[in-house]
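The structure appears below as structure tokens.
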């Protein structure tokens, strides 16, 4: 459930050491820090970014756009925080929210590599899926992961997502058209106790 607390929208997290809330413009500095410090780590898994992307102004602008999208029900950009320090450690996004007969959204995320292997991504994926289905009324959440991105494939599987196939030349990543494993999870999967 999305609750109001200190002016920020919160999602209940099942991970005891994690807080999930909509990113705010005040989070831009830490978000930029994660992006810059881990540039080489993220580069093989992301689209090419213009230099302006790595500025505080651009990160703040993108967060503002994300907040407008959330207000319009078109997308939701969440920060993953360590609550005792209010430290941002990652971002998750529900994008391309489609209504009508589709009731679908795409899931994308990253976690600061310093916090990998601690269950944050898997828990946050499950929490955001619950929110998307139970609170937003979506029917299906889908994600695409490059086959060589073993940690993200593992997160999808541990989070209960079903592998639906391989999309060839799906997204241009770091200048190259890359195949992606397509994953999905539906409201029925949740009802059947997938997690």
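Quick look at the numbers
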{"quantity": "Residues of segment 167-185 that turn out to be out of contact with any strand residue (DSSP E or B) (no Cβ under 7 Å at 6 or more places or on another chain) and over 12 Å from residue 144 (Cβ atoms), as a count", "calculated": "4"}
{"quantity": "Test: residue in segment 141-149 that is at pLDDT 95 or above, touching a helix residue (DSSP H, G or I) at 6+ places or on another chain (Cβ under 9 Å), under 23 Å from residue 99 (Cα atoms) and exposed (fewer than 14 other Cβ atoms within 10 Å of the Cβ)", "calculated": "no"}
{"quantity": "Helices (runs of 4 or more DSSP H) (entirely within segment 8-73) containing at least 1 residues that are crowded, with 17+ Cβ neighbours inside 10 Å", "calculated": "28-37, 56-72"}
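The values are calculated or read from the model by the stated rules, or taken from the named source; none is laboratory data. Model, not experiment: these values are computed from the prediction. Cβ sites come from the backbone with ideal geometry, for glycine too, and all protein chains shown count toward neighbours.
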